[in-house]
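Structure first, then comments.
The values are calculated or read from the model by the stated rules, or taken from the named source; none is laboratory data. Since this is a predicted model, take the numbers as computed values, not measurements. Here Cβ is always computed from backbone atoms with ideal geometry, including for glycine, and neighbour counts include all displayed protein chains.
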Amino acid sequence: MKLAGIVLIILGILALVYQYVPITETKQDAKIGPVEINHQETTEYPVQIIGGVLVVAGVAALVMGGRSKL
């Protein structure tokens, strides 16, 4: 449980540092016989909220994993 918490915290911090994930996609504009005209479109998706959730979940996993069972 502690290892999972540490991994979640590290992933959350990385998401907060990078802030955006770029996704590049090739789209076809026209196709005339064997000739194709394409363009690439890049969209950036924000991941700050996901990073915050991962950090909170990691801290919660560390707290739950650190409790002793009586």
Practice problem: Within region 16-35, count every residue that is over 30 Å from residue 54 (Cβ atoms) and of a type in the set (Phe, Trp, Tyr). | Solution: 0
Exercise. Please work out which residue is modelled with the highest pLDDT, limiting yourself to region 1-44 and to residues that are part of a loop (DSSP other than H, G, I, E, B) and surrounded by 11 or more Cβ atoms within 10 Å (Cβ to Cβ).
Key: 19
Quiz item: How many of the residues in region 45-55 are assigned to a helix (DSSP H, G or I) and either more than 30 Å from residue 1 (Cα to Cα) or in contact (Cβ under 8 Å) with a residue 12 or more places away in the chain (or both)?
Solution: 7
Self-check item: Subset of region 1-45 [in contact with a Pro (Cβ under 9 Å, 6 or more places away or on another chain) and polar (S, T, N, Q)]
Solution: 19, 42, 43
Practice problem: Mind counting the residues in region 27-44 that are charged (D, E, K, R) and free of Cβ contacts under 8 Å to residues at least 12 places away in the same chain? | Solution: 3
Practice problem: May I ask you to say which residue of 48, 28, 19 is on the phi > 0 side of the Ramachandran plot and not small (Gly, Ala, Ser)? | Solution: 19
Practice problem: Quick one: which residue in 58, 52, 65 is surrounded by 14 or more Cβ atoms within 10 Å (Cβ to Cβ) and touching a helix residue (DSSP H, G or I) at 6+ places or on another chain (Cβ under 9 Å)? | Solution: 58
